[in-house]
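Peer 1: Submitted below is the structure of interest, expressed as structure tokens.
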Amino acid sequence: MSSNEYIVYTDGSCSGNPGPGGWAAIIRFGEEEEELSGSTAATTNQRMELTAAVEALSQIPSGSAVMVFSDSAYLVNCFQQSWMDRWQKNGWRNSKGDPVENRDLWLKLLELTGKLNVKWHKVKGHGDDQLNNRVDQMAREAINQDHLGVDETARSCQNDQWPTLKLNKTGKRIGVLTGGGDCPGLNAVIRAVVKGAAHNYGLEVVGFNNGFKGLVENDAQVINDLAVSGILNRGGTILGTSNRDNPFDYKPSGSDYTKTGEDRSADALANLERWGISCLVVIGGDGSLLLAHRFSELGVPIIGIPKTIDNDLPATDITFGFDSAVTTATEAIDKIHTTAESHHRIMVVEVMGRHVGWIALQAGMAGGGDIILIPELPFEFSCIAAKINERRSLGKKFSIIVVAEGAYLAGGEPLYEDRGGVKRLGGIGPLVSREIEKMTGMESRATVLGHLQRGGSPTSYDRVLATRFGVKAVELVDDKNFNRMVCLKGNNIQSVTLEEAVAGTKRVDPDSEQVRSAVAVGTSFGCRF
Ligand code: F6P
């Protein structure tokens, strides 16, 4: 067999061990290496066995040849006799018309087997035939190799017992997740973490899907070099993300987000243990880093990597994603400019940024906005109208207003839209447009750029910053310099404690040289100062 051929053996029980445990072992053939991984300590048969099989198959690189031996009639028949095809056609009901249990796990298995060349073999039960003995023997040999970090219970299992495996001892595996709103550059950083970990420190990376949700629900897989090939320039995140799944206040999808959820942090901890994770790399903004900090207080070694288009984290000069969002917003303002000019209109462009004005300031200056409205400088309509009238008196028949979504009227507060109990910033752009049209008598239109700013390819700046952050993160892991966040200071990549990382918000300083430069070229901030 060559190095990309695997044997997976699954079993639903471990007689003699305290409580039942489903597990799956992987044995890789080729070169001189034999490797074994597996899981789990769980409740009862089918779900546990399926979970183990999903975990085991997740660890095998796409395109590999895999032989699965299992004494589970259910698992093997499902594939050998295409039960799953029938279930799918039947709306996930079995031949009796009952709903098929564990649909989520079957679908995951189907997805995984689609990427592998899997042959399913049913065996009678361990130790019953020659083939099974051979697999058994190889598994045992692998278990007895110390570097696999199998615990004592496993080694002391009698010959007719299958061990419950734990791989938490070697420190050879790290976890990674992307949390919060996505932004360009997330894939670049995942790639840097995986490549940096594997090439320099021999560390394997497990990716948890959909932010902290994957950690709670044990939705994860090993991601190797192949899995991150070709993703440097891709927007989004191959791991998926979520900005509503807090393990300490967990609400299942579709539930009422206004109600208090469950504390599922123990499940998250169990899953980290199950996967043998020695350090969790959290790529996120303030919300995700706060959660990371809470896990560090529970004893999980953490490394944070700052991301957000808002650029509002205090401990880093720049977050990746910001430059890409600003580039998108600037291009949009350039386009709005030509139509503003043709129609002699006041065009209002609303950009993101939450409660800070970094995107509005940066894109507003780069796009030549005449008026820039940011939360740090509450505005007055009379000042905006005065600026537009001043321009009109100079023969300038159009104006561009760039407004941050969190900007607000002096004496007022930011505008929100209620989305199913969750408050989201929004509405200020159209409001400014309507009011200014009334006050100046000039026609006005508003464009809300919204999630366009989070999509698409990262700029070269963000690709490089993300790569530097990812490489630094695994360097910190290797140094066991945990509970820190990587950051940019000047042009140097450094790190700060997680406490510093989550302390406060970085806001635009109205007295800064950048704001003064904008004012010096005639830009108004819609207020007197
Ligand atoms: O934090 C990033 C960000 O894009 C903010 O600029 C914006 O207010 C928010 O996320 C939007 O969140 P959602 O994707 O949930 O609409």
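Peer 1: When Lys and Arg each count +1 and Asp and Glu each count -1, what net charge do the other residues less than 10 Å away from ILE384, Cβ to Cβ, add up to?
Peer 2: Net local charge, ILE384 excluded: -2.
Peer 1: Which of the pairs LYS397/LYS423; LYS119/LYS251; LYS251/LYS307; LYS335/LYS438 have their Cα atoms more than 28 Å apart in this structure?
Peer 2: LYS397/LYS423; LYS119/LYS251
Peer 1: Exceeding 30 Å between C-alpha atoms, which entries from my cross-link table qualify? They are LYS213/LYS506; LYS213/LYS480; LYS387/LYS489.
Peer 2: LYS387/LYS489
Peer 1: For HIS199, what accessible area in Å² do you get when you roll a 1.4 Å probe over the heavy atoms of the protein chains, rounding to the nearest 10?
Peer 2: In the full protein context, HIS199 sits at about 120 Å².
The values are calculated or read from the model by the stated rules, or taken from the named source; none is laboratory data. No experiment lies behind these values; they were computed from the predicted model shown. Glycine also receives a Cβ, built like all others from the backbone with ideal geometry; neighbour counts cover every protein chain displayed. Just the protein is used for accessible areas: all its heavy atoms, side chains included, with ligands, DNA and RNA removed. Shrake-Rupley method; radii C 1.70, N 1.55, O 1.52, S 1.80 Å.
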